[in-house]
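Comments concern the structure below.
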Amino acid sequence: MSVVVTLCLYDGIVMAADSRATLIWTYPDGKQEVSHRDGEKKIYQFGDRNIGISWCGNALVGNENVPDYLNGLFNRLNKMTTIKEIAEKINEECNERLIGGTMRCHIAGYENGTQCFYQVVDGVVTHKNINPERGIPTICIVWDGIRGISRDIIRGKEKLDIGDRLVDESDIPHFTLDEGVRFTRALLKRSCLELEECGEPLYSLTITDEGIHWIG
């Protein structure tokens, strides 16, 4: 499993993930062997659009790996397809192709100058950065992958060091985009130190109304 994180902040979106893949081999006698491989990218730009997609869970959609599947999906969809429609299409096709599998996917970007972030988890599509009472975009943080990540890595632990100060969840609504980048990296580095399922290098990107910027 993995850790993928998406933050929607006042001045942009941050998407980040670790890069460890967990491989499970099942032998004819039923015994299983578990190994790990680092350096697996889990965040992608959706074609040439101002949209990022992070993915964890199954590394295959049917017989395609995730990058090939997303490239094919981009080519099949109209270039004006909304983020909601992309999320619904991913959900529909994964329901058909992931028999007995699991996936967690974040799709985020800008539409007409407004942030939009959808989560797809095992057949459920959710608009995450929306205030349900007022119907307007809001600041939010969503992490997926290993269950209990917020409890095990953030809550009840020392604050995270983002370089110029120590922070926790309560500080997120006040983050700048740069602070959001540093927070997600600190969160993932702690995850890699404490959880066998997580590994470096880390990948992250930011999205603003001006475009996507990959973080080295």
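Hey, of [x] 17.8; [y] 19.0; [z] 21.7, which did the structure itself give for Kirkwood radius over Cα pairs in Å when calculated? From the options [x] 17.8; [y] 19.0; [z] 21.7, the structure gives [x]. Just to confirm a number: summing +1 for Lys and Arg and -1 for Asp and Glu over residues other than C116 whose beta-carbon lies under 14 angstrom from that of C116, what do you get? Net local charge, C116 excluded: -1. Charge tally around C192: other residues with Cβ under 10 Å, Lys/Arg +1 each, Asp/Glu -1 each, net -3. May I ask you to sort V5, V66, V125 by Cβ crowding, counting other Cβ atoms within 10 Å and putting the fewest first? Arranged by neighbour count, lowest to highest, V5, V66, V125 become V125, V66, V5. Taking other C-beta atoms within 10 Å as the exposure proxy, W214, W55 rank W214, W55 from fewest upward. Residues of the chain were split at every exposed loop site, defined as trypsin sites (Lys or Arg not before Pro) in a DSSP loop with at most 12 other C-beta atoms within 10 angstrom, and the longest piece left, sites excluded, is 80-133. The count of lysine pairs in the chain whose Cα atoms are under 24 Å apart, excluding pairs fewer than 8 places apart on the same chain, comes to 15. All other residues whose Cβ lies under 10 angstrom from that of N50 are scored, Lys and Arg at +1 and Asp and Glu at -1, for a net of -3. Ranked by how many other Cβ atoms sit within 10 Å of their own Cβ, fewest first, the residues T81, T206 fall in the order T81, T206. Backbone phi angles across the stretch 82-93, fed through the Karplus curve with coefficients 6.51, -1.76 and 1.60 (θ = phi - 60°), yield HN-Hα couplings of 6, 4, 4, 5, 4, 4, 5, 5, 4, 4, 4, 6 Hz in residue order; Gly and Pro are listed as x.
Just so you know, all these numbers are worked out from the coordinates, no wet-lab data involved. For clarity, every value in this text was computed on a predicted model and none was experimentally measured. Backbone-built Cβ (ideal geometry, glycine too); neighbour counts: all protein chains shown.
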